[in-house]
Amino acid sequence: MKKPRLTRPVLLDVQDITRLYGPAKGCEAIDFRLHAGEVLGIVGESGSGKSTLLRVLAGLEAPDAGRVIYRRAVHEPEAARADFHEPEAARAGAGEDVLDKGELERDEAELDLYAVGEARRRALLRLEWGLVHQNPRDGLRMGVSAGANIGERLMAQGQRHYGQLRATGQAWMRQVELDPGRIDDAPRTFSGGMQQRLQIARTLVTRPRLVFMDEPTGGLDVSVQARLLDMLRTLVRSLGLSVVLVTHDLAVARLLAHRLMVMRRGQVVETGLTDQILDDPQHEYTQLLVSSVLTP
Ligand SMILES: Nc1ncnc2c1ncn2[C@@H]1O[C@H](COP(=O)(O)OP(=O)(O)OP(=O)(O)O)[C@@H](O)[C@H]1O
């Protein structure tokens, strides 16, 4: 994947984050910066602390120590929209600062995630960030229609026009290769792969400034995974998304991430550009991780 320009501003400043459940269980002294338009992959074997770190970064679990600073004033880079189509009306509304007063201050340039109250963290996740869960059932509302699932976050941003919400819902279903004719169907009538695509549409429809993904292709069978991954790559690229991606699958990391952070027993053992890490791993653990994938 094309590398982001190094001059891009820092969107998320992660300072010395620790969240431990026991010795080497969780994450410890994690320090990094995510730039606007960058996809950072967090890789490592099961239990290395990736999901714990993601939960802390996404505002879902307070750390024992450290700070997560979100720079709201940073503008996302111009996206290459050539291969992305959505209704003009949706584009005009999405991403605007239509914020519930008292939850997020409109002019607040910088936010210290755990210095503010939980209501503001939740508002951030609802209004400016997006979270894609491994299991689509955790990210979707299974009891309401596909269209309502996509429209919900737009409504939270202040869009109320039924016709526009429906048109945007259909455009996004098309975008993620779902039949727009099924807009009134409940997600439980969709297959696992379809549900994951719906979750992605629901998350990205508001053009979140920052997206967290936890094993977005995990739990699906291989052929479904490949198509989904291809679609995700197109979306990430065309929308110019800033993403923190957790995966144990190095092929997924290779395809989506500009930069990787390798975790082992709660700590970062190596970090660098994706190709550099995967083609020329320096740390013994990364070498093992890479060779276990490459050796049949
Ligand atoms: N709520 C919790 N209470 C106690 N221990 C926990 C909790 N959540 C995670 N852990 C432990 O912390 C360690 C890291 O777990 P985590 O889920 O972050 O790893 P991971 O790298 O995401 O693994 P996987 O890829 O299997 O999801 C594990 O030993 C796990 O058992």
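The values are calculated or read from the model by the stated rules, or taken from the named source; none is laboratory data. No experiment lies behind these values; they were computed from the predicted model shown. All Cβ positions, even for glycine, are placed from backbone atoms using ideal geometry, and neighbour counts span all protein chains on display. Areas reflect the complete protein model, heavy atoms only, side chains present, ligands, DNA and RNA absent. Shrake-Rupley method; radii C 1.70, N 1.55, O 1.52, S 1.80 Å.
Out of region 190-236, which residues are within 13 Å of the chain's Cα centre (by Cα), within 19 Å of ARG254 (Cβ to Cβ), assigned to a helix (DSSP H, G or I) and charged (D, E, K, R)?
ARG233
Please state which of the following conditions ARG254 fails to meet, knowing it meets all the rest: (1) away from the ligand (no atom under 16 Å from the Cβ); (2) over 20 Å from GLY272 (Cα atoms); (3) surrounded by fewer than 20 Cβ atoms within 10 Å (Cβ to Cβ).
(2)
For the condition within 16 Å of the ligand (Cβ to nearest atom), open to solvent by 10 Å² or more (accessible area, probe 1.4 Å) and in contact (Cβ under 8 Å) with a residue 40 or more places away in the chain, what is the one hit in GLY192, GLY218?
One residue alone meets the criteria, GLY218.
Condition check: within 16 Å of the ligand (Cβ to nearest atom), in contact with a Gly (Cβ under 7 Å, 6 or more places away or on another chain) and either touching a residue at least 12 places away in the same chain (Cβ under 8 Å) or of a type outside the set (Ser, Thr, Tyr) (or both). Does LEU228 satisfy that?
No; evaluated as a whole, the condition is false for this residue.
Do we have LEU99 as open to solvent by 10 Å² or more (accessible area, probe 1.4 Å), among the hydrophobic types (A, V, I, L, M, F, W, C), at pLDDT below 90 and in contact with a His (Cβ under 9 Å, 6 or more places away or on another chain) here?
Judged against the criteria, LEU99 is not a match.
Among the residues of region 127-158 satisfying the criterion of being of a type outside the set (A, V, I, L, M) and at pLDDT below 90, which is least open to solvent (accessible area, probe 1.4 Å)?
In this case the residue turns out to be GLN157.
Evaluate region 64-82: report whether one residue or more is more than 12 Å from the ligand (Cβ to nearest atom), part of a loop (DSSP other than H, G, I, E, B), closer than 26 Å to ALA123 by Cβ and at pLDDT 95 or above.
yes
Go through the residues of region 243-257 one by one and say whether even a single one is of a type outside the set (Val, Ile, Thr), over 24 Å from ARG19 (Cα atoms), without any contact (Cβ under 8 Å) to a residue 12 or more places away in the chain and not in a helix (DSSP H, G or I).
Within region 243-257, none of the residues are of a type outside the set (Val, Ile, Thr), over 24 Å from ARG19 (Cα atoms), without any contact (Cβ under 8 Å) to a residue 12 or more places away in the chain and not in a helix (DSSP H, G or I).
Being at pLDDT 95 or above, part of a strand (DSSP E or B) and open to solvent by 30 Å² or more (accessible area, probe 1.4 Å) narrows it down to one residue among LEU20, LEU40, LEU11, LEU34; which is it?
Step by step, each of LEU20, LEU40, LEU11, LEU34 is checked, and only LEU20 is at pLDDT 95 or above, part of a strand (DSSP E or B) and open to solvent by 30 Å² or more (accessible area, probe 1.4 Å).
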